[in-house]
């Protein structure tokens, strides 16, 4: 079973991100975002292949000349007053080598946390405590509207202009149930100060208070192309929430409404699409008046600053006109329940939807008064994290009883009272009562006997290792600040997040003292009030809901005067007015192209192949006794028929018994010795060719003293996994099928983009066949065959296991200290020395090409549209780094104004990789309209007029991605990956210089490329059945893999 834990994600999100980065080499609660660029663009056309990471760390190379630096302003002392802010407290955060200074603004009471360290990816943030007072999404819409210009910078285009034309590593905003936060980040202190000015003025004096058009664009509006058309609704937030407010999200709100009836916690902060149109402009203006005041603000500053006081001065001047107010955020409608309740809700699904294993079950135990006891709350937080581990007594019990489902355990503090929350996803309604019974039984047992010593030791060791890797996270500041703010918003304690993080060090001592038993016994002492809430899909309800909306809109249309109708028609067909924000963009630029550093860090990679054909690679990193071992086994001899069994084998390892341990015990051992374990297919490309090589990749992060134990456990998992438990195997096949369906339904575009790239790029075709839609069909077939013959899969899986008992062509690598490199070599040699060593004969593969325009039917309320084209088809030879700046330009000047602002697409994106271009309309209310806009892109490029000064802004935006360096361990692993892919060591420097070559003339030359992209590229669309079928004439093939019987 795959766990979806949240407690540790909240408590150590930045640490876990660092672990992933270190291993790879290269939801803080439900939150909605303004930009969504990262979520939409992340892996949009990627494959997770090895060999794509940027160069790592150790020796600096480049051309930047050092100049005199101003003297750095030192930290203040408690009681000092700096630019109107008094220092109230200073605390160390040793885990990340940081001092945290708490300031309070003397006039307004606004608070500011300054995280002082040596991180050059600096962050500024403003957070306001906000409430979801209804289901219209007021906090979310205002978050979007806030950054649409301000009194000082009155341009609604400016925010996206800044994203695409200035030197930033992060510009965004997010809405949570209890707060709205506005973080920005840059590698330049001067640039960040400019952003701080824009963000501060936008939060306090946003243009939306005077311009209703911003509200209409971001929230909702009627659309009527002509008098005979059906009236529809569109808007950026409306489109976003059509996708975001799915059954999973609805289930969480149903649970909150049940256990805390009448509370704001049950209202949808992002907005329920059904109720977003109930919002009025006046409501939005009133919302700002109620919550956006300095006295309700907690600011954040993070990183290495020469003069942090400049930011305090900016805030002091901005807050000067305001008087202190007392903010007490009440929840007047909340009525505590006195006895346990059980409820079932439905969520609209299309008539053809397969509803099996699609229900969500919440079991909540109310903990009155827990939020008022900070120490106790911390212990409960750690307790739920332990319970949420697969190796815990609860994890084992749930895995036994619901093997095809996923679960999570966490403390919910967004409600008036804290609650222990247990969720079961990919379940069925009849699972609710057994789910509750299992939890009650296990909690009672744990309250009496506690956890095993081995289990607690594994969790403690994992947390300690994670702490050592905290600074590996290149986005540490933008992860850290929202976590501090969130815990403050939930509990009222500024130091709650720090307290929880430091408490990880006490896991062993609390266990030995029986603290977890005491805490749990206290919760269960008197029969607690609970809520058992099931949310299930209702087939046919989606069509009914759509009909009701259409009828309601038809009634609205019929009630309108001719003048009102013509006004809507005119606004629906009006082209977006081009807004020239160049003056403001120029004011907000803190650096220029000439000042961009041409430097990067490199590792010396040791690389040798021994007489047995085994390649040994290593790169030294400045880390504290930790490292990343990797073993890669040549998979090129597997035939096409083997690939799906290979993929299934990868998923089963660690989830089935070995001859030495039951799978429940293996989970505990993996947490202890294979931290961040990654096991599966890796494709290593050969740079600037279509060649690639498939491997089975096994990698993890470990303390050096645990290397031998880690390799011993890997050997057991790979070569001793038993496939004899047919019932368990069948359950895991079903779980894999359910997870695939859930992942694709949540984000269909990565799979569809891979399919499209696979039409011309062999590596993508391999990946798509191995774990794309063909793999899902394989899982369905395997399930059917195993129901008839339980032993059906056993021999096939054993054959895959046997295939990898071969060291020829293997790659052994390690990123870490010099001592770790030596120890790893000995452990890896011992491991590989036990295997056969026979030459691998590469197999040949022939994969089916996708249709020119594919459509995918899934349980979606909004569409995803895209175009993919390889460079050869587009008339180009290869990728050039200046294309990334070109992507920023096209997004800023065309895709965002046309698709987001005019047609309500949540996030339109364009990206280039080593093989081609991918244009994505993420959460799109349209299909044909979007492609008509994209078809006009070549003409727009030919007609556009830009100066070099304009182009330089886009270069700076894209350049920040190259200049932001990985952590030491991640950089070392990335350098090894680059060597495997034969990427030149100085490629980052080459890309930096190449990116600066973009000119207006070169931009125009790309028009022909885009003409070929739109003419000869592959297209895809994903959406609900009714929308896809309504546009069926557009598609060459419609895929409907998840349909019901």
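Within segment 399-406, does at least one residue satisfy the condition of being part of a helix (DSSP H, G or I), under 30 Å from residue 1042 (Cα atoms) and under 27 Å from the mean Cα position of the chain (by Cα)? Checked against the condition, which is being part of a helix (DSSP H, G or I), under 30 Å from residue 1042 (Cα atoms) and under 27 Å from the mean Cα position of the chain (by Cα), segment 399-406 yields at least one hit. If you go through segment 830-841 and keep only what is over 14 Å from residue 613 (Cβ atoms) and either surrounded by fewer than 18 Cβ atoms within 10 Å (Cβ to Cβ) or within 35 Å of the chain's Cα centre (by Cα) (or both), you end up with 830, 834.
Considering only residues in segment 842-854 that are within 11 Å of residue 1036 (Cβ to Cβ) and crowded, with 16+ Cβ neighbours inside 10 Å, the one that is nearest to the chain's Cα centre (by Cα) turns out to be 854. Out of the residues in segment 547-568 that are part of a helix (DSSP H, G or I) and touching a helix residue (DSSP H, G or I) at 6+ places or on another chain (Cβ under 8 Å), state the one that is farthest from residue 233 (Cα to Cα). Of everything passing the filter in segment 547-568, 565 is farthest from residue 233 (Cα to Cα). Scanning segment 376-393 for residues that are under 23 Å from the mean Cα position of the chain (by Cα) and part of a loop (DSSP other than H, G, I, E, B) yields 388, 389, 390.
Taking the listed residues 247, 284, the one that is closer than 21 Å to residue 924 by Cβ and crowded, with 20+ Cβ neighbours inside 10 Å is 247, with no other qualifying.
Restricting attention to segment 181-191, the residues being in contact with a helix residue (DSSP H, G or I) (Cβ under 8 Å, 6 or more places away or on another chain) and surrounded by 23 or more Cβ atoms within 10 Å (Cβ to Cβ) number 6. Residue 355 meets all of the listed conditions (1) at pLDDT below 95; (2) part of a helix (DSSP H, G or I) but one, namely (2).
Considering segment 590-698, the qualifying strands (runs of 3 or more DSSP E), each wholly inside and each with 1 or more residues that are modelled with pLDDT under 95, in the same structural domain as residue 794 (by TED's automatic domain parsing) and under 24 Å from residue 718 (Cα atoms), run over 675-685.
Residues checked against (1) within 30 Å of residue 360 (Cα to Cα); (2) in the same structural domain as residue 964 (by TED's automatic domain parsing); (3) surrounded by 23 or more Cβ atoms within 10 Å (Cβ to Cβ):
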| residue | (1), (2), (3) |
| --- | --- |
| 234 | yes, no, no |
| 268 | yes, no, yes |
| 277 | yes, no, no |
| 292 | no, no, no |
| 303 | no, no, yes |
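In segment 65-178, counting only strands (runs of 3 or more DSSP E) that sit wholly within it, the ones holding 1 or more residues that are more than 27 Å from the chain's Cα centre (by Cα) span 85-93, 98-105, 111-116.
Within segment 896-913, being assigned to a loop (DSSP other than H, G, I, E, B) and on the phi < 0 side of the Ramachandran plot holds for 901, 902, 903, 905, 906, 913.
Residues checked against (1) more than 22 Å from residue 392 (Cα to Cα); (2) buried (at least 21 other Cβ atoms within 10 Å of the Cβ):
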site: 654; (1), (2): no, yes
site: 661; (1), (2): no, no
site: 666; (1), (2): no, yes
site: 680; (1), (2): yes, no
site: 688; (1), (2): yes, no
site: 717; (1), (2): no, yes
site: 733; (1), (2): yes, yes
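With respect to residue 548, is the statement that it is farther than 22 Å from residue 229 by Cβ and modelled with pLDDT of 95 or more true? Taking the combined requirement at face value, the residue does not satisfy it. Just to be sure, is residue 143 buried (at least 24 other Cβ atoms within 10 Å of the Cβ) and either within 25 Å of residue 269 (Cβ to Cβ) or outside the structural domain of residue 196 (by TED's automatic domain parsing) (or both)? Spelling it out, residue 143 is indeed buried (at least 24 other Cβ atoms within 10 Å of the Cβ) and either within 25 Å of residue 269 (Cβ to Cβ) or outside the structural domain of residue 196 (by TED's automatic domain parsing) (or both).
Can you tell me which residue within segment 298-328, out of those that are modelled with pLDDT of 95 or more, part of a loop (DSSP other than H, G, I, E, B) and touching a helix residue (DSSP H, G or I) at 6+ places or on another chain (Cβ under 7 Å), is nearest to residue 71 (Cα to Cα)? Ranking the candidates gives 306 first.
Checking each residue in segment 220-269 for being more than 24 Å from the chain's Cα centre (by Cα) and closer than 27 Å to residue 148 by Cβ picks out 220, 221, 222, 223, 224, 225, 231, 232, 233, 234, 264. As a summary of the residue check, residue 782 satisfies the conditions (1) crowded, with 21+ Cβ neighbours inside 10 Å; (2) farther than 23 Å from residue 857 by Cβ; (3) more than 27 Å from the chain's Cα centre (by Cα) except for the one numbered (2). There is at least one residue in segment 486-500 that is surrounded by fewer than 22 Cβ atoms within 10 Å (Cβ to Cβ), under 24 Å from the mean Cα position of the chain (by Cα) and closer than 19 Å to residue 92 by Cα.
The residues of segment 785-818 that are loosely packed, with under 15 Cβ neighbours inside 10 Å and touching a strand residue (DSSP E or B) at 6+ places or on another chain (Cβ under 7 Å), listed by number, are 805, 818.
Among the residues of segment 486-543, those identified as under 30 Å from residue 350 (Cβ atoms) and out of contact with any helix residue (DSSP H, G or I) (no Cβ under 8 Å at 6 or more places or on another chain) are 538, 539, 540, 541.
The values are calculated or read from the model by the stated rules, or taken from the named source; none is laboratory data. As the structure is a computational prediction, the values presented were derived from the model and not from experiment. Every residue, glycine among them, receives a Cβ derived from its backbone with ideal geometry; neighbour counts consider all protein chains shown.
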